[in-house]
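Colleague: Below you will find the structure I want to go over with you.
The values are calculated or read from the model by the stated rules, or taken from the named source; none is laboratory data. Quick caveat, the model's predicted, so the values are computed rather than measured. Here the Cβ positions follow ideal geometry from the backbone for every residue, glycine too, while neighbour counts run over all protein chains shown. Quick note on the areas: whole protein, heavy atoms, side chains included, nothing else; ligands and nucleic acids left out. Shrake-Rupley method; radii C 1.70, N 1.55, O 1.52, S 1.80 Å.
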Amino acid sequence: MARGDEEFAEFAHACSARLLHAAYLLTGNRHTAEDAAQTALVRTYAAWSRVRRADAFAYARQVLVNHVTDRWRLGLREYATGDVPERPGAADVAEEVTLRRWLVGALGSLTARERAVIVMRYFFDLPEVSVAHELHISVGTVKSTSSRALAKLRVQAEPPPGSSAGTDSITTIGQEQP
Amino acid sequence: MTDLDTLRRALRARPAADLGRLDIGQIMLQGGRVRRRRRILAASGGAVLAAVLAAVVISAGLPGRPGREPHPVPALAPGHSADRGRNAPYGAVISTGIRDSAGELVFYAVKVHTAQLPQTTFGVMGGYRRAGKLTADVESNEFSGPDTAPGFHAVQSPTSANGHPVPEFGYYAGPAVKITGVVNGQRIQAGHARWSVNRTIVIFWFSPRDNPGAHTVTGLAAYNAQGKLLPAGHSSPGVG
């Protein structure tokens with residue numbers, strides 16, 4: 001195996017799980033996610049000589065997100081649900097399970113762009129300017145899209161005045177604010 | 001912890017669904033094909049943008065016991081409203097009987113003229129026919145050696161183009177009456193039809209019914225009417 005191939009194989013092994021996870025968040029479908037993550041890595045390998053010395057993961061991430069949003073633009077998406085599901089009481093099930101259930105339904109309420117912005121901002125932790133660059137939109141659009149998406153998710157972008165860190169913030173997710 | 005922290009935690013929590021693992025070898029195989037196509041297209045200066053994709057040869061395998069025995073499909077006359085430009089059908093359009101929202105999947109040959117490929121005169125186009133109109137979605141042709149040398153040529157992995165899925169397809173030069181391949185450990189049989197312009201050319205495709213995961217079919221094998229395994233031609237698996 002050529003040296004470049006070895007490098008790519010190492011890179012792909014290291015990042016495929018994260019890409020697959022992100023693809024699942026973007027698509028909500030295991031099979032579509034696998035296809036999207038694979039496509040991202042195929043194109044990354046095709047461009048490996050060009051991107052290996054740069055930020056290869058950023059390249060793969062950008063291909064992934066744009067591939068998914070392109071598919072949605074082509075009408076291959078599952079349509080968003082109208083309402084964010086209510087989160088069941090924390091005492092009903094384990095917290096992680098509760099979060100998963102809420103997340104699947106909540107992401108399904110977003111548009112393709114909103115979903116992409118949320119995943120890039122809060123899964124990949126990218127700054128707004130990077131999100132704008134990778135999605136080919138303005139920073140202002142990132143801000144407004146993120147704000148709109150968080151409102152749909154009923155997530156507060158900032159801690160409410162007077163709140164203290166360490167409180168059980170789960171109770172504010174997936175439920176109407178008073 | 002803020003609400004955003006909880007959102008982050010939810011996003012990063014291990015998904016309930018088993019996401020499985022990606023096949024890195026398969027990724028590199030497909031990525032290599034993309035890379036080769038780009039090089040060829042770059043070499044041709046973009047003048048023959050849709051005319052220069054190629055896949056060559058997959059190694060032969062042993063005959064299996066396919067669950068279905070697709071029959072050869074008759075080639076139909078070219079649709080009167082087909083593209084008349086670069087992607088105009090060269091000979092008859094082959095109907096596959098495979099349908100989705102885009103219409104019926106069809107294959108047809110197109111002429112190839114490029115200085116970089118002096119031994120390639122035609123390629124195979126995968127597209128859809130709907131309301132009498134043809135689309136030109138994925139084209140594949142030989143790029144190494146004579147395009148009618150005995151064996152497999154222009155084998156194209158399953159892909160999608162213009163929003164339409166196109167299953168694995170290619171052509172075989174020789175008296176093949178059965179073509180098979182392996183996917184997920186199972187040997188499956190391809191649909192096929194002879195090209196109206198040159199009856200020694202057999203255009204084949206693997207139906208999504210037999211390969212619902214759209215995985216690359218490998219271990220291609222062609223057989224003549226006596227059941228004898230025919231030469232695969234080039235022997236580099238996955239090249240193209």
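Colleague: Return the pair list, or none, for Cβ contacts closer than 7 Å from residues in the range B:133-152 that are in the same structural domain as B:GLY103 (by TED's automatic domain parsing) to residues that are at pLDDT below 85 and among the charged types (D, E, K, R), at least 6 apart or on different chains.
Modeller: That search, which allows pairs on different chains as well, returns B:LEU134/B:ASP83; B:ALA136/B:ASP83.
Colleague: When you go through (1) modelled with pLDDT of 85 or more; (2) open to solvent by 70 Å² or more (accessible area, probe 1.4 Å) one by one for A:ALA91, which number turns out not to apply?
Modeller: Answer for A:ALA91: the failing condition is (1).
Colleague: Next question. Of all residues being out of contact with any Ser or Thr (no Cβ under 8 Å at 6 or more places or on another chain) and among the β-branched types (Val, Ile, Thr) in the range A:6-62, which is modelled with the lowest pLDDT? Just the residue, please.
Modeller: Filtering the range A:6-62 for residues that are out of contact with any Ser or Thr (no Cβ under 8 Å at 6 or more places or on another chain) and among the β-branched types (Val, Ile, Thr), the one modelled with the lowest pLDDT comes out as A:THR32.
Colleague: Quick one: in the range B:151-197, which of the residues that are in contact with an Asp or Glu (Cβ under 6 Å, 6 or more places away or on another chain) and in a strand (DSSP E or B) is modelled with the lowest pLDDT?
Modeller: B:ALA161
Colleague: Sticking with this one: I'd like the full set of residues that are assigned to a helix (DSSP H, G or I) and more than 8 Å from chain B (Cβ to nearest Cβ), limited to the range A:1-18.
Modeller: Selection gives A:ARG3, A:GLY4, A:GLU6, A:GLU7, A:GLU10, A:PHE11, A:ALA14, A:CYS15, A:ARG18.
Colleague: May I pose another question? Of all residues in the range A:135-174, how many are closer than 20 Å to B:LEU11 by Cα, at pLDDT 85 or above and among the polar types (S, T, N, Q)?
Modeller: Matching residues across the range A:135-174 total 3.
Colleague: If you scan the range B:10-53, which residues turn out to be modelled with pLDDT of 85 or more, open to solvent by 40 Å² or more (accessible area, probe 1.4 Å) and either under 20 Å from A:VAL119 (Cα atoms) or part of a loop (DSSP other than H, G, I, E, B) (or both)?
Modeller: Result: B:ARG12, B:ASP23.
Colleague: Okay, moving on. Looking only at the range B:169-183, decide whether some residue is touching a residue at least 60 places away in the same chain (Cβ under 8 Å), buried (at least 23 other Cβ atoms within 10 Å of the Cβ) and among the aliphatic types (A, V, I, L, M).
Modeller: Yes, the range B:169-183 contains at least one residue that is touching a residue at least 60 places away in the same chain (Cβ under 8 Å), buried (at least 23 other Cβ atoms within 10 Å of the Cβ) and among the aliphatic types (A, V, I, L, M).
Colleague: A follow-up question, please. Going by what's in this entry, would A:ALA132 be described as more than 12 Å from chain B (Cβ to nearest Cβ), at pLDDT below 90 and surrounded by 17 or more Cβ atoms within 10 Å (Cβ to Cβ)?
Modeller: Against the criterion (more than 12 Å from chain B (Cβ to nearest Cβ), at pLDDT below 90 and surrounded by 17 or more Cβ atoms within 10 Å (Cβ to Cβ)), A:ALA132 qualifies.
Colleague: Also: Looking only at the range B:96-142, how many residues end up being under 15 Å from the mean Cα position of the chain (by Cα) and either polar (S, T, N, Q) or not in a strand (DSSP E or B) (or both)?
Modeller: Final tally of qualifying residues: 6.
Colleague: Scan the range A:22-71 residue by residue and report those that are facing chain B (nearest Cβ under 7 Å), free of Cβ contacts under 8 Å to residues at least 40 places away in the same chain and either among the charged types (D, E, K, R) or under 16 Å from A:VAL104 (Cβ atoms) (or both).
Modeller: A:TYR24, A:ARG30, A:ALA33, A:GLU34, A:ARG43
Colleague: Would you mind stating whether B:ALA214 is within 14 Å of chain A (Cβ to nearest Cβ), on the phi > 0 side of the Ramachandran plot and surrounded by fewer than 24 Cβ atoms within 10 Å (Cβ to Cβ)?
Modeller: yes
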